[in-house]
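See below for the structure under consideration.
FYI, it's all coordinate maths here, none of it is from the lab. This is a predicted model, so every value here is computed, not measured. Cβ: placed from backbone, ideal geometry, glycine included. Neighbour counts: every protein chain shown.
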Amino acid sequence: MENLGWILLEASIKAFVILNIVLLGAAASVYLERKVSAAIQDRIGPNRVGPFGILQPFADVFKLFFKEDIVPQAADKLFHALAPVISLGVAIAVYAVIPFAHYVEINGVKYYLGIAPDVNIGFLFILAMTSVGVYGITLAGWSSNNKYSLMGGLRSSAQMISYELSMGLSLIGVVLISSSFSLNDIVLQQSGWKWNVFLQPLGFLIFLVSAFAETNRAPFDLPEAEPELVGGYNTEYSGMKFGMFFLAEYANMATSSAFITLLYFGGWQLPFPAEWLGLQEGSIGLALAQFTTFMIKVGIFVLFFIWVRWSIPRFRYDQLMNLGWKVLLPLSILNVILTSIGVLIFK
Amino acid sequence: MNISYFFFIILSVLAVASAIVTISTKHPIRSAIALVVHFFMLAGLYLTLNAQFVAVMQILVYAGAIMVLVVFVIMLLNLSKDQSFEKKITFNNFGGIVLAGTFGLAVIYAFINLHPEPTSFPSHNLNFTTVQVIGRSLFTNYIVQFEAIGLLLTAAIIGAVLLAKRKLM
């Protein structure tokens, strides 16, 4: 039992740190989004709270905490309260298997940087969690008892079910190449610029488009299309319940970026041999360097997500479905076949 | 006390509780969500048996795909609380209760007479349930069954497309 206590303690400390990283990251991406959108639209953006408006997201969160929480009379109270919790919980649960760096060796004990980065189902776990994430939005739409919310919820579930298929199929290429579901194995296998994006350009493109659809980000943000649906599934939410949906959206964006980084861009692998820094495998310095590399890569993709949102107009709903079922799905099956042939010949 | 045993008790209590909620509530959405919770608990039980792949597939396929479709349909039909349950006991109801009770007694009798050995949980070094092992046995020992399921699924997909396309043809 003593062993169990230590395992639980280690996991709790890691979970606490990762939770803070995720929430701070979400706050940072909200700030980034506002600043980048301002730059794209030739505005200044937030510049009142703190230097360069850096504290704006925190001010927003405090504001949300103090707002009145309004629940519609006709709403299903239980699910109305549960939906944002599911959304945010699922978005954060994914980080249980994401490795932030390799490992730190202290007194001969290896500490992996991630709660469970080495489980042999890490990859499938993320897919499973994203597929469960639909419930948050669907239930929010249904329980509000509002036609706009319901339409938003239905659209989002249809969209996520459709794009999950091509997303999962496009990732099979990566699994075929690395022959493992463990995220650490997939990252280790990409050392020295052997990034999967070079071997899997088609799969990467399909995954990127599907990731936009899965996170309900523009140009696929049909579930919350303002001109037609007011606010979509979160129309009837206020206060911190709305804040949780908001945080979940940004956490999901960060998750997708982290997933793209891990699977296609070498994860925490440094862009040059570790010997150049003069650091040993397992030292704290190297782990810090890897962590920084990972964060920079994730940050670049978060920036990309934001850039796309403020550059490309929203799709029409039938265009979205056509793209998912008639273009991406056949392409992802083609990608699986091509990759299998390639693996058969070269391995 | 083993860690697996500890989790087994928590998960099985929650699994049974959510299963009871699934069949006892009259609210379709509540019932569906309770079933989702039940699937999660089952997945947790698979994890205590070191069957990670089965656990994740349970969530991915049942909770993530099938139940989403069920919830989707319930919401589209806008079903609310079902008021049409008969409160009075008819002959059919009574017969059903008697049969279910007999079956329940039979199951309990069978379990009591089993004298189950206290099984030990598989150690964490066992790898008989990893994806590689499952894949290998699917494509060697069980290839006929695997292909038969593939055929069945293909037929089901073609049937679904035909049903959906009937109006367009």
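Based on the alpha carbons, how large is the Rg to Rh ratio for the stretch B:127-169 when Rh follows Kirkwood?
When Rh is taken as the Kirkwood radius, the ratio is 1.29.
What does the structure give for A:51-58 when I average, per residue, the other chain Cβ atoms found within 10 Å of the residue Cβ?
0
Enumerate lysine pairs in chain A that are 8 or more residues apart or on different chains, then count those whose Cα atoms are under 21 Å apart.
Taking the Cα cut-off of 21 Å, the pair count is 11.
Hey, what do the phi angles of the stretch A:327-341 turn into as Karplus ³J(HN,Hα) couplings, whole Hz, using 6.51/-1.76/1.60 and θ = phi - 60°, x for Gly and Pro?
10, 5, 5, x, 4, 6, 5, 4, 4, 4, 5, 4, 5, 4, 4
At most 12 other Cβ atoms within 10 Å plus a DSSP loop assignment makes a site exposed; report the longest stretch of chain A without any exposed GluC sites (Glu not before Pro).
Here the longest run is A:69-280.
Just to be sure I understand: with springs between alpha-carbon atoms less than 10 Å apart, which residue in A:213, A:39, A:27 has the highest mean-square fluctuation in the Gaussian network model of chain A?
A:39
Can you compute the charge dipole magnitude of the protein assembly as shown about its Cα centre, using +1 on each Lys and Arg Cβ and -1 on each Asp and Glu Cβ, nothing else charged? Give it in debye, rounded to the nearest 20.
1060
What distance in nm separates the two pseudo spin-label positions at residue A:11 and residue A:54, each 7 Å out from Cα along the beta-carbon direction?
Each label point lies 7 Å from its Cα, and together they span 3.6 nm.
How compact and how long is the stretch B:1-79, expressed as Rg and Dmax of its alpha-carbon atoms in Å?
Values for the stretch B:1-79 (Cα only, Rg and Dmax): 13.8, 49 Å.
Report Rg/Rh for the stretch B:7-53, rounded to two decimals, where Rg is the Cα radius of gyration and Rh the Kirkwood radius.
A ratio of 1.05.
If you take the Cα atoms of the stretch A:72-346, find Rg, then find the Kirkwood Rh from the mean of 1/r over all pairs, what is Rg/Rh?
Dividing the radius of gyration by the Kirkwood radius yields 1.01.
State, to one decimal in nm, how far the label point of residue B:90 lies from the label point of residue A:118, with both points 7 Å from Cα in the Cβ direction.
6.2
Nearest 0.05, what FRET efficiency do residue A:38 and residue A:317 give at R0 = 25 Å with Cβ-Cβ as r?
0.30
Between exposed chymotrypsin sites (Phe, Trp or Tyr not before Pro) in chain A, where DSSP calls loop and at most 14 other Cβ atoms lie within 10 Å, what's the longest gap?
Details: sites that count: A:193, A:310.
That would be A:1-192.
Using only the Cα atoms of the protein assembly as shown, build the gyration tensor, take square roots of its eigenvalues as a ≥ b ≥ c, and label the shape rounded, prolate or oblate: rounded if a/c is under 1.5, else prolate if a/b is larger than b/c, else oblate.
Rounded shape, in that the Cα axes give a/c under 1.5.
At q = 0.09, 0.12, 0.15 Å⁻¹, what is the log10 ratio I(q)/I(0) for the stretch A:81-203, with the Debye formula run over Cα points and no solvent?
With one equal scatterer per Cα and no solvent, log10 I(q)/I(0) is -0.36, -0.59, -0.81.
Which net charge results for the neighbourhood of residue A:249, defined as the other residues with beta-carbon distances under 12 angstrom from its beta-carbon, given Lys and Arg at +1 and Asp and Glu at -1?
Counting the neighbours of residue A:249, the net charge comes to -2.
Expressed in whole Å with the largest first, what are the equivalent ellipsoid semi-axes of the stretch A:1-130 derived from the C-alpha gyration tensor as the square root of 5 times each eigenvalue?
That gives 34, 23, 15 Å for the three semi-axes.
In a shell of Cβ-Cβ distance under 14 Å around residue A:33, excluding residue A:33 itself, what net charge do Lys and Arg (+1) and Asp and Glu (-1) give?
Its environment carries a net charge of +2.
Length gain on complete extension for the stretch residue A:193 to residue A:65, per 0.36 nm per residue less the alpha carbon to alpha carbon distance?
Between residue A:193 and residue A:65, full extension yields an extra 41.6 nm.
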